[in-house]
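*Asks:* Below you'll find the structure I mean.
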């Protein structure tokens, strides 16, 4: 066992954050068996404000609701790297910190979760309407009610179903699933495919959503889920990517980042984050961008709902010019 001080990994304490941090720690231990790694759980402002609206801009709330306290721990030397869902990490980082690595992106799609059509029961009225497997946004009823606190998702729901109602929902994945089951007036909610998978949830071939029984014994029965293609629901900037934030010049974590970084994912999120930065927004802006690398070409798709109806564009260019491509897309959609 190494006599060096352990590398302290800062993370939020939510189930998803811990799942991601433990995944990072396991990857680190495999890549650097001579080093020790330990988790440091930090409670962020966003964790404390469970009733705050994420869909309405509040100038009194600081940027980086889910990242600031982790960055404070880094700058104070109380942690050596911070694990973030990259979609939560602001594009402007504090002086002295940098994005040291991005792990290979998981499934970037959003998932539509909804209630299965109830089996008829004599004398018992159905608890809300349900739907058959394979539902799409466009297949929702014209008066559908969808629960989401994301402005990006909200605007894309309205684009697909102009008559829909969108209501806010907060809480971790298990809480949101239970709220959907308990609110018969709600038809569906939207969750990230990567987050579901990292928590052990599985979309079965028949559309049923199942979860890890040991950690989620109360997962509601009768829920179906279907991934939505990027054409139907463009993902959030950085969605499904895990970012490692480190101190500039910290030799150990810079070396670690160089080993763990996934080059194509890093270039994709660089383009997306450059777009978001140039648009002057954060993770709750009504914009979306998604980049993919194929061979020597980076394709960047974007949408903005800032000034009325959706404005969309697709750009292609060299992966080595990812940031410039993101800025150019923002100029087209801004």
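The values are calculated or read from the model by the stated rules, or taken from the named source; none is laboratory data. Everything quoted here is computed from the prediction, not taken from an experiment. So basically every Cβ, Gly included, is an ideal-geometry build from the backbone, and we count neighbours across all protein chains shown.
*Asks:* Which is in contact with a strand residue (DSSP E or B) (Cβ under 9 Å, 6 or more places away or on another chain) and within 30 Å of residue 5 (Cα to Cα), of 269, 303, 293, 246?
*Replies:* It is 246.
Yes or no, residue by residue, for (1) part of a helix (DSSP H, G or I); (2) buried (at least 21 other Cβ atoms within 10 Å of the Cβ); (3) within 16 Å of the chain's Cα centre (by Cα):
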| position | (1), (2), (3) |
| --- | --- |
| 272 | yes, yes, yes |
| 276 | yes, yes, yes |
| 289 | no, yes, yes |
| 315 | no, no, no |
| 323 | yes, no, no |
| 326 | yes, yes, no |
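*Asks:* Got a number for residues in segment 295-326 being within 15 Å of residue 264 (Cα to Cα) and free of Cβ contacts under 8 Å to residues at least 40 places away in the same chain?
*Replies:* Residues flagged as within 15 Å of residue 264 (Cα to Cα) and free of Cβ contacts under 8 Å to residues at least 40 places away in the same chain within segment 295-326 amount to 10.
*Asks:* Between a first residue in segment 80-107 that is free of Cβ contacts under 8 Å to residues at least 40 places away in the same chain and a second residue that is surrounded by fewer than 22 Cβ atoms within 10 Å (Cβ to Cβ), which pairs have beta carbons less than 8 Å apart while being 6 or more apart in sequence or on different chains?
*Replies:* Taking only residues 6 or more apart or on different chains, the pairs are 94/75.
*Asks:* Something else about it: Report those helices (runs of 4 or more DSSP H) wholly inside segment 1-97 carrying at least 1 residues which are at pLDDT 95 or above and touching a strand residue (DSSP E or B) at 6+ places or on another chain (Cβ under 6 Å). Break it down stepwise before answering.
*Replies:* On the way: elements: 15-31, 45-48, 68-75.
Counting at least 1 such residues, we get 15-31, 68-75.
Results for (1) in contact with a helix residue (DSSP H, G or I) (Cβ under 6 Å, 6 or more places away or on another chain); (2) farther than 19 Å from residue 129 by Cβ; (3) surrounded by 19 or more Cβ atoms within 10 Å (Cβ to Cβ), shown as yes or no for each residue.
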residue: 168; (1), (2), (3): no, yes, no
residue: 180; (1), (2), (3): no, no, yes
residue: 196; (1), (2), (3): no, yes, yes
residue: 210; (1), (2), (3): no, yes, no
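*Asks:* Here's something else I'd like to know. Do we find a residue being part of a loop (DSSP other than H, G, I, E, B), in contact (Cβ under 8 Å) with a residue 60 or more places away in the chain and crowded, with 23+ Cβ neighbours inside 10 Å anywhere in segment 246-258? Walk me through it before giving the result.
*Replies:* So the first thing to find is which residues in segment 246-258 are part of a loop (DSSP other than H, G, I, E, B), and the list is 248-250.
Then keep just the ones that are in contact (Cβ under 8 Å) with a residue 60 or more places away in the chain; that gives 248, 250.
Now restrict to residues that are crowded, with 23+ Cβ neighbours inside 10 Å: none.
The answer is no, given that none of the residues of segment 246-258 is part of a loop (DSSP other than H, G, I, E, B), in contact (Cβ under 8 Å) with a residue 60 or more places away in the chain and crowded, with 23+ Cβ neighbours inside 10 Å.
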